[in-house]
Structure formats: C-alpha cells, structure tokens
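Shown next, in structure tokens, is the structure this report addresses.
The values are calculated or read from the model by the stated rules, or taken from the named source; none is laboratory data. Keep in mind it's a predicted model, so treat the numbers as computed, not measured. Please note: Cβ atoms are built from the backbone with ideal geometry, for glycine as well, and neighbour counts cover all protein chains shown.
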Amino acid sequence: MLELRYRGGDPGPGPGLSPPREGNAAGGDHETESTSDKETDIDDRYGDLDSRADSDVPEIPLSSDQTPEILQKALSGLSSRWKNWWIRGILTLTMISLFFLIIYMGSFMLMLLVLGIQVKCFHEIITIGYRVYHSYDLPWFRTLSWYFLLCVNYFFYGETVADYFATFVQREEQLQFLIRYHRFISFALYLAGFCMFVLSLVKKHYRLQFYMFAWTHVTLLITVTQSHLVIQNLFEGMIWFLVPISSVICNDITAYLFGFFFGRTPLIKLSPKKTWEGFIGGFFSTVVFGFMAAYMLSKYQYFVCPIEYRSDVNSFVTECEPADLFQLHSYSLPSFLKAVLRRETVSLYPFQIHSIALSTFASLIGPFGGFFASGFKRAFKIKDFANTIPGHGGIMDRFDCQYLMATFVHVYITSFIRGPNPSKVLQQLLVLQPDQQLSIYRTLKMHLIEKGILQPTLKV
C-alpha cells in the first residue's frame, strides 16, 4: 500500500509564502497564532505531494502466464529460453495469418482493427496509472479517462467523415447538422469533461489528480492521434498502410532472430536483450523486405488506389487508374552496377524507391518507440503493459514502434507525395449551396479561358 509521506522537520516556506516572523511582547499571541496557521497551511500544501523517489514506486503485480495449456504441455521439455522462442514464434504466425485475413476482408475491417487496437492500448496505459495510484482512490479518474477518449475520438473521426463521406452526409439532414457544428459540439463535450474534472478535485489529492489528468491527455496524444493518422494513410491507398506496418513487423521479427542467434553486443541499457547484431541484421532485412513488398503490391489496384466511399453502391471502392507512382519506369544503372548486372537499365515502380525511405525509418528510428516503451515500463517496474498475447505481453508492447511510423508516413505523404485530391475537392463542392457552386463554376471557367484551355463562347 502507498503512503502519503510528510517531509520531516521544518518544511520551510512554501511557494509564495514568507518565513514566519518571531513574535514580540506586544503581539506575541497574535504572531504565534499566525505562525501556527501558516505551518498548518504548509502541511496541507506539502502533505499531499507525492515526494517519492523512483525506488519508492510500488511494483505492479506481475501478470499471470496466459499461455494456452496445450502449448505449455507441448513445450514442457524445453528450456525457458527456447520455450519462449517457440511461443513467440507460434503466436507471431497466428497474428500474421489473422492480419492477412483482415486485409482480405477489406479496408473497412482494417479501420475497425485500428480502432480496436487504439482502445486496447489506451486501456493498458490507463490501467497502469490506475494500479500505481489505486490506493489514493482518485474520484472519477477512470470514468473521466474513458469520457475524454470518447470526446477525442468523436472529434477526429467526425473530421474524417466530413472529409471522405461528404456525398453521403449531404443526403442525411441529421448528419448535416452534426457535421456543420462538429467542432463546436466536440469542444462542448470536452468542456463538460473539463468541468467534471474540476468539480472532482479533492483536498490532499490535488497534485495526483492533476498528474493523472496529464497522464490521460498524454495517453490520448499517443493513441488516438496516431491511430487517426494511420486511417488517414489508409485512405491514400492500402499500400501506404501495409508497407510501413509490415516493415515494422519485419524489423521486429528479424531483429529478434538475429539477436537470438548472433547477438553478443548490447545495444542500449533500456533494453538489455537488444543487441547491435540484431539491430543491424534487422535493418538490412527490413530494407530488402520493404523493397520486395512494394514491388508485389504496386501491381494491384486493390492496394494502390485511394479508398473512396461510393454513395451509389453504399460501400468503399478501390478502383482507379493507377498513379504514375505505381507505373513501371526504366532507370539507368550506375556504372559499377552495369558491369555486375550486365544490363544498362532496370524497370522499377517509383514507389519502390520511396519504400527504401519507409523501411529505413522503420528499422533505424522505429525501434526508438520500443526503447521509449521500455523506459516507461522500467519507470513503473513492470515487464509488459499487459498479458494479452502470450510471449509478447500486451497490445501496446507489439505496437509501440508503429505509432512513430504512422506519423512519419503521414508527414512523408504530405511533404513528398500528395498533391490536391480532385475527388476530395469535388466532394466539398457538392455540399455547397447552388449559388456558391455557380460562382465557383464561373470563376473556374474564366481561369481556363485565360489559360487557353477553353475557347470563349460567342454571345449573339
């Protein structure tokens, strides 16, 4: 159990308080009473502060082993090292198989998967905070945490609906109201949660309550905003979702394998099991994998076409004329490669070149998300975020690197790839009033005539 620890001896003046003055003969009783009040105030202000050192942070009870009994029996004769290797391997293949199945089921199921992972990661991080400070019985902490999660999701996914489902929204009068005042409604919902938090403040718990308020908001920043970016990447084309995510998965697996069989040199103190051999082997393996995956996926419209919602068929479609990024181009080889390969040119999809940048980030910078998570777990003396996946820990343990990747891909697309999206502009035009549409039509027509693209019509 945790204890509220008071500072021993004289705590000294608190922020904004002057030291108590010594009393005099004339006003000694008054000064003594004033000093006593100040000391009491100081005790109140310092008594509820959490002044514990890292060594005082309570250990969260270790998660129980959730490995299926059939696997426990089958691997009972192995050492713990090899037993863990087989458990991780079997569960990894199972998760990859399920991921392929969800890809086959379509983009909407992938969006639901991202949302489900987001909620589970949020739950795991919030639960750690609740367990660490459970003895304080902070009022409304868990309820308000989940309320803020709903508010932030309402805001971000409402923005997505407004951007990509404009034609559908136009037909529904109720949705038009929600979209038109979406940001005001989102702010009002958040403001209600903010007021509930202020009303829940309790003496002796002020600092911890504000600490957990910040904990909740940082967790929202890590989970909700990043999952929103993942879905934004998905709308650009499934290939922008699959190649980065599979590159991180590939790096995670190959770095583990190289480290398991060849690892000798420790890489970072935060993760003692990580080695330079695994880091370097994972890098080269990931770049090769990303290059080959980009080549395979670039051939199919299902993966390269932006995901659009068609109101006439009431479903998502991935049909288009593939962009130049996914058309084969001939590239001249450097002189030293011409002699080795005995050819002058090579045919590649331009996206394969971009995949090198994505894979490089996944293998060099992506692991720092894992190191960050390792530092977080060490701070609270836990091995894993949860015990959801046997041999792997929690969902957050598997997706700690993915969040950095999602942000990088979104920034990469907006910086180097994406131009104006004609379909998105058209959807926004369709929700305007007729007079506004006519005004834009006349302006666009005059612009095209001035550029010589249209011939001016003769008025009789």
Of the residues in region 324-362, how many are free of Cβ contacts under 8 Å to residues at least 24 places away in the same chain and either within 25 Å of Gly282 (Cα to Cα) or out of contact with any helix residue (DSSP H, G or I) (no Cβ under 7 Å at 6 or more places or on another chain) (or both)?
-> 19
Name every residue in region 398-436 that is surrounded by 13 or more Cβ atoms within 10 Å (Cβ to Cβ), aliphatic (A, V, I, L, M) and modelled with pLDDT of 85 or more, in order of residue number.
-> Leu404, Met405, Ala406, Val409, Ile413, Ile417
Matching option when the condition is closer than 20 Å to Thr143 by Cβ, among the aliphatic types (A, V, I, L, M) and without any contact (Cβ under 8 Å) to a residue 40 or more places away in the chain, among Ala188, Ala162 | Ala188
So the helices (runs of 4 or more DSSP H) completely within region 152-223 holding 2 or more residues that are modelled with pLDDT under 85 are 166-171, 173-180
Please indicate, with yes or no, whether at least one residue in region 273-283 is under 29 Å from Ala379 (Cβ atoms), surrounded by fewer than 16 Cβ atoms within 10 Å (Cβ to Cβ) and out of contact with any Ser or Thr (no Cβ under 6 Å at 6 or more places or on another chain).
-> yes
Take the residues of region 309-322 that are more than 28 Å from the chain's Cα centre (by Cα) and at pLDDT 75 or above: which is nearest to Ser107 (Cα to Cα)?
-> Glu319
Here the qualifying pairs (Cβ atoms under 6 Å; residues six or more apart or on different chains; first in region 373-399 and at positive phi; second charged (D, E, K, R) and assigned to a loop (DSSP other than H, G, I, E, B)) come out as Lys381/Glu59; Gly393/Asp384
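Of everything in region 286-300 that's hydroxyl-bearing (Ser, Thr, Tyr) and touching a residue at least 40 places away in the same chain (Cβ under 8 Å), which residue is surrounded by the most Cβ atoms within 10 Å (Cβ to Cβ)?
Just the residues of region 286-300 that are hydroxyl-bearing (Ser, Thr, Tyr), to begin with: 286, 295, 298, 300.
In the following step, the residues that additionally are touching a residue at least 40 places away in the same chain (Cβ under 8 Å) were identified as 286, 295, 298.
Details: Thr286: 28, Tyr295: 15, Ser298: 22.
Result: Thr286.
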Only residues that are surrounded by 14 or more Cβ atoms within 10 Å (Cβ to Cβ), over 27 Å from the mean Cα position of the chain (by Cα) and of a type outside the set (A, V, I, L, M, F, W, C): list them for region 179-205, please.
-> Ser200, His205
Answer with yes or no whether Ala362 is at pLDDT 85 or above and surrounded by fewer than 19 Cβ atoms within 10 Å (Cβ to Cβ).
-> no
Assess whether Leu341 counts as being outside the structural domain of Leu234 (by TED's automatic domain parsing), aliphatic (A, V, I, L, M) and modelled with pLDDT of 90 or more.
-> no
If you go through region 218-263 one residue at a time, how many are closer than 26 Å to Leu149 by Cβ and touching a strand residue (DSSP E or B) at 6+ places or on another chain (Cβ under 9 Å)?
-> 1
If you take just the helices (runs of 4 or more DSSP H) that sit entirely in region 58-151, which of them hold at least 2 residues that are in contact with a Ser or Thr (Cβ under 7 Å, 6 or more places away or on another chain) and modelled with pLDDT of 75 or more?
-> 107-132
